[in-house]
Every structure is written in C-alpha cells, then in structure tokens.
1. With respect to Ile52, determine if the residue is of a type in the set (Val, Ile, Thr) and outside any helix (DSSP H, G or I).
2. Filter the stretch 14-67 down to the residues that are over 24 Å from Ile3 (Cα atoms) and aromatic (Phe, Trp, Tyr) and list them by number.
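Coordinate-derived values only; no laboratory data. Just so we're clear, the structure is a prediction, and the values are computed from it rather than from any experiment. Positions of Cβ are backbone-derived with ideal geometry, glycine not excepted, and every protein chain shown enters the neighbour counts.
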Amino acid sequence: MSIKGFHLIFIFIASIFCGSFGVWALFINDQDEGTAMTVFGVVTLVFSLALIVYGIYFRRKSKDIIV
C-alpha cells in the first residue's frame, strides 16, 4: 500500500470516528444539562465534514503525485 492510500484510509477512519463522537456527544447531551457536550458534538461534526472535504481534495490533488 502506498502512502497515498494509507493517508486516504486514515482520513476516512478519522472522519468516521469524529462523526461518531459528535453524534454521541449530541445524544448524551439530552441526559446532561451542560452545554459543553453540545459544543463538543457540533465542533467534532464540523471537523468530520472538514476531514471529508480534505479527503476529496487530497484524492484529486494526489492523482498528479507519483509515490
């Protein structure tokens, strides 16, 4: 496996973990009255979307790189 493939898989797994944590933090907020979990949930969901956008950008950009 090339470093490009590893990088894409790592970005994919990181976005799944971030999205899962964000959804969990938003659901756990229903049981807790604090706003910290809501902030963590929203921030990680935004970060998860940013990772997906970066993965698409990297895939398009890496077609020109030979490694």
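1. The answer is no for Ile52.
2. Scanning the stretch 14-67 gives Phe21, Trp24, Phe27, Phe40.
Matching residues to (1) farther than 24 Å from Asp64 by Cα; (2) exposed (fewer than 14 other Cβ atoms within 10 Å of the Cβ):
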residue	(1), (2)
Ser2	no, yes
Ile9	no, yes
Phe17	yes, yes
Ser20	yes, yes
Ala25	yes, no
Thr38	yes, no
Gly41	yes, no
Phe47	yes, no
